[in-house]
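Right, one structure below, let's go through it.
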Amino acid sequence: LKGRGVEVVLERGDILFMPMSWFHHVHSVGAENVSLNWWFYDSGLLFEPSKVLWPLSPPSLVEFSRHVEYFIAEQLGPINVGRFVAWWLGRGPGPLDSLLLDRWRLMRNYVLQRLALLPGEAGRSVLAMLDPLRWRDLAISPAPPKALQGLQDEHHVQGLLEGLSELSMGLFRCSMTGQAFRALGRAIDEIPREKLRMFLECSEELLVLLRDHTDWKGEGEKSEAQVPPKGAFLFNREEAKRAPLAISRGLGDLCDLAVASRVVVTTVDNGFFANWLQVLDARLFAGEAAAVEPAWVLTGNEREFNYGEAGDDVFAGLFEAPTPEPASASATGVCTEPHMVRNRQNLLLVNVFRGRFLQGPWAKSRRRLYSDAAKNIFWPCKAALTARDEALASVHRAPGAPLIGVHKRVDNPGTARMQLAQVMVCTAAYIRAVKTLAARRAGSAAAAEAAVVVLATDDEGAVAAFREAFGGRLVFRGEAKRCAGGIDPQSRLPIEVHGQSGKRLTIADARDCLIDALLLAACDAFVHADSNVTIAAGIMNPDTEAVHVRDLVPDAQAAGEW
């Protein structure tokens, strides 16, 4: 049948058998009819690899070769499969565009790598069945490939693709699946280049953190002398090896988000700024014309995100938001279903990894990307802006004196667990860090001594210590709720202002969180640990200097032992 087709009409009771992945087209010729399909998988190569029988039977080899063609078609488009195979076999030219040629080379190398892993002559046999003539007369209307649009040599697409591949296959010794390459190929088409590069850079940093904080050998493989102290590793081997797949799935979710016309962002039962970052992440990766709607109406069942009573709209109480544009409607008058966002896709904004967001060589560029997105979704209410301005005006600032911010979380097992180091440093270390940063920012010793310090904290003990250290140069909001931290002796749960079981907060408490971030963003520089508040402040003002407390005070002592 090579190079030609066969047409057949099936009557009642007829069965037509077609080998795996043969081109075919079916349509009905009668007013009413029913057809049934049965699918037979000879090898199970895609579905149950553990049950494959070696050596592969001839039908299995054919099936495998069709799967390779299908993968190429998904990556490069069906019209390019024949051209790609011909180029691969040295029978035709590749694309003239250098970036597309890089993509073809990456595809070829990936498939060759997978075929080389097959036992015996299986890989060579599959390769021999990739015949470009099978695709010669395929009738498809050509369209300009999206991957060409807006690409420049400086975007380094090949580097992005190879970087993620090397990280997953080398660093974690787990193979990059076809699904991951399909997600990456689609992401190149759907996600703007700068945003995609930022996502992959953040993913690379996350994988490096995992590499350095994972018990790769496992406790059972170490001698007693090799067993690290308790808490030395944050992750086990299996947890870490799931990360590349989570990243590739995240890419697929981002592609769906990028093409959605309407996006609804639900709440996560976590702190205020965890939800703020979730909305911002959605706004950044959604299309510019998409309507992004934060669904922050409380149900009354929240434990942490409980800033009000059931039915209260927390977002409307804090931000001046435009009315969402009506969703597009189909010809039948049915509104388009919204794309639902229920989590953050950038894993560098999550849990212990978040402290890295404000650090590293790419921190400045990603802060600016998120800052531009924030301007399109977050307009703080007048009450929050007024409170910020009044707090800053409460202390006289001498000419040339730097404005230094500091965010000090209350100390308890919960806040310690969210630090990459798994401990909170003591208040004295924060005070030393502020003085060090003020001296670095000031032009003279006198200016450093005159520095005005903005304290954002939920730790009531920190207020007294900072007052003693900085006196009348300290800016803080006395009306914000604070607590002593530690562990409740009865419930054995961490003590803090937010997220206490059975204690509902108010919109005013959420506003205090927002004002703290606005105050930090107004500073020339601020000291931080690993927290969502300081990530938000660094995004609100991408030009302010953000310095981790441990970078300023490497010998900082822990505040508590949990």
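For the stretch 162-196, the candidate set comprises residues that are modelled with pLDDT of 85 or more and of a type in the set (D, E, K, R); within that set, the residue that is surrounded by the fewest Cβ atoms within 10 Å (Cβ to Cβ) is 194. Residue 144 - would you say it is at pLDDT below 80, loosely packed, with under 12 Cβ neighbours inside 10 Å and within 25 Å of residue 183 (Cα to Cα)? It is true that residue 144 is at pLDDT below 80, loosely packed, with under 12 Cβ neighbours inside 10 Å and within 25 Å of residue 183 (Cα to Cα). For the stretch 338-371, what are the residues that are without any contact (Cβ under 8 Å) to a residue 60 or more places away in the chain and open to solvent by 50 Å² or more (accessible area, probe 1.4 Å)? Correct list: 361 only. Scanning the stretch 264-304 for residues that are among the β-branched types (Val, Ile, Thr) and surrounded by 24 or more Cβ atoms within 10 Å (Cβ to Cβ) turns up 265, 279, 292.
Residues that are open to solvent by less than 10 Å² (accessible area, probe 1.4 Å) and among the hydrophobic types (A, V, I, L, M, F, W, C) within the stretch 431-457 comprise 433, 434, 437, 438, 451, 452, 453, 454, 455, 456, listed in sequence order. Residues in the stretch 306-317 that are surrounded by fewer than 22 Cβ atoms within 10 Å (Cβ to Cβ), part of a loop (DSSP other than H, G, I, E, B) and of a type outside the set (Asp, Glu): 310, 311. When 533, 553 are checked against the criterion of being β-branched (Val, Ile, Thr) and within 24 Å of residue 349 (Cβ to Cβ), 533 stands alone in meeting it.
Remark: pairs (first residue in the stretch 548-560, touching a residue at least 40 places away in the same chain (Cβ under 8 Å) and buried (at least 20 other Cβ atoms within 10 Å of the Cβ); second residue among the β-branched types (Val, Ile, Thr) and in a loop (DSSP other than H, G, I, E, B); Cβ separation under 9 Å; 6+ apart in sequence or on different chains) = 559/423. One residue stands out in the stretch 399-430 among those that are out of contact with any helix residue (DSSP H, G or I) (no Cβ under 8 Å at 6 or more places or on another chain) and of a type in the set (Gly, Ala, Ser): the one that is surrounded by the most Cβ atoms within 10 Å (Cβ to Cβ), namely 416. The number of residues in the stretch 86-102 being within 18 Å of residue 185 (Cα to Cα) and of a type in the set (A, V, I, L, M) comes to 3. Would it be correct to say that residue 496 is of a type outside the set (Phe, Trp, Tyr), modelled with pLDDT under 95, open to solvent by less than 60 Å² (accessible area, probe 1.4 Å) and touching a Cys at 6+ places or on another chain (Cβ under 7 Å)? Here the answer is yes, as residue 496 does meet what is asked.
The values are calculated or read from the model by the stated rules, or taken from the named source; none is laboratory data. Keep in mind the model is a prediction, meaning the values are calculated, not measured. Neighbour counts run over all protein chains shown; Cβ positions are idealised from the backbone, glycine included. With ligands, DNA and RNA removed, areas are computed over all heavy atoms of the protein, side chains included. Shrake-Rupley method; radii C 1.70, N 1.55, O 1.52, S 1.80 Å.
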